[in-house]
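K.L.:
One structure, pasted below without further comment.
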Amino acid sequence: MSSRPKILCLAGSLRKDSLNKKLVKVAMAAAQDAGADCTYVDLKDYPMPIYDGDIEAESGIPENGKKLKKMLKEHQGLLIASPEYNSSISGALKNFIDWTSRPEPGEKSIECYIGKVAGIMACSPGALGGLRGLVTLRSILGNISVLVVPEQHALSQANDAFTEDGKLKDEKNQKAVANIGKRVTSLTKAILESELVAKS
Ligand code: FNR
């Protein structure tokens, strides 16, 4: 096993001009510079019904849910940018977590989340930048055995925050978001290395 961390990067927004999609790519670029192999996944490419126990009982996890679970299993880290809807996380992000937390036959519940390292961020055109949604997201991830790094960033006035080439205009903001990507990379790498030592 290589100690090069693999990090799955996504935003909790479906819309094509999403500011949160831009934001997570800032953290992803920093993670790549720090030595991670990153995969960007757009949840709009994986439509799923709202979680319904009857659908699950009749036909199991939707195919797109299974594909997303497979991707989660192949990565040790997560970078998530979460839009804030009515002070909480988006329905798309919650639905992604709900379906992918469900076990397939022979699996433990939340199997593809246990032991992952995550970095979280948010942005919004408003004054709080989505900070309240991050409180909820940190709580949800912590409760499904994800280690969420302490660094996080909520970027306000985000509709005028990005340069043409996808960086943040304000240097402090750019640094703070990049730092989340770096931290998830270094922590994931340290965990992978300690696992390699334990196995040797
Ligand atoms: C919002 N928005 C919003 N913004 C915020 O800062 N706090 C909030 O509670 C909410 N609530 C909210 C509810 C709903 C239903 C919508 C559609 C929007 C505004 C939101 O932050 C803005 O639309 C962002 O641009 C959404 O993120 P993306 O799609 O740009 O990534």
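We did not get these values from a lab; they are worked out from the coordinates using the rules stated. Small disclaimer: the values here were computed from a predicted structure and weren't measured. Positions of Cβ are backbone-derived with ideal geometry, glycine not excepted, and every protein chain shown enters the neighbour counts.
K.L.:
With runs of 4+ DSSP H residues as the only contributors, calculate the mean residue ellipticity of the chain at 222 nm using -39,500 (n - 2.57) per run, divided by the residue total and rounded to the nearest 500. Intermediate results must be reported in sequence, preceding the final value.
P.N.:
Numbers: 6 runs with 86 residues, N = 200.
Estimated from H runs of four or more residues: -14000 deg cm²/dmol.
K.L.:
Taking K and R as +1 and D and E as -1, what net charge do the other residues with C-beta under 12 Å from the C-beta of SER3 add up to?
P.N.:
Local charge sum for SER3: +1.
K.L.:
Continuing with the same structure: Remind me, relative contact order of the chain in percent, using alpha carbon pairs under 8 angstrom and six or more residues apart?
P.N.:
Computed value for the chain: 27 percent relative contact order.
K.L.:
Would you mind checking the radius of gyration and Dmax of the stretch 45-106 based on alpha-carbon positions, in Å?
P.N.:
Cα radius of gyration and Dmax of the stretch 45-106 are 12.4, 37 Å respectively.
K.L.:
Note down the nm distance, to one decimal, between modelled labels 7 Å out along Cα→Cβ at VAL197 and at LYS73.
P.N.:
Between VAL197 and LYS73, the label points sit 2.9 nm apart.
K.L.:
Another question, if that's okay. How many angstrom lie between the Cα centre of the stretch 118-160 and the Cα centre of the stretch 23-40?
P.N.:
17 Å
K.L.:
In debye, nearest 20, what is the charge dipole magnitude of the chain about its Cα centre with +1 on Lys and Arg Cβ and -1 on Asp and Glu Cβ, if you could check?
P.N.:
My answer is approximately 480 debye.
K.L.:
Within the chain, which is the longest segment containing none of the GluC sites (Glu not before Pro) that sit in a DSSP loop and have at most 12 other Cβ atoms within 10 Å?
P.N.:
Numbers: sites that count: GLU107, GLU164.
Maximal segment without exposed cleavage sites: 1-106.
K.L.:
Sticking with this one: Once Rh is set to the Kirkwood radius over Cα pairs, what Stokes-Einstein translational diffusion coefficient, in µm²/s, holds for the stretch 135-183 at a temperature of 4 °C and a viscosity of 1.567 mPa s?
P.N.:
105 µm²/s
K.L.:
Which whole-number percentage describes the relative contact order of the stretch 50-142, with Cα contacts under 8 Å and a sequence gap of 6 or more?
P.N.:
For the stretch 50-142, the relative contact order is 34 percent.
K.L.:
Now for a different question. For the stretch 1-152, what ratio Rg/Rh do Cα atoms give with a Kirkwood hydrodynamic radius?
P.N.:
Reported Rg/Rh (Cα atoms, Kirkwood Rh): 0.95.
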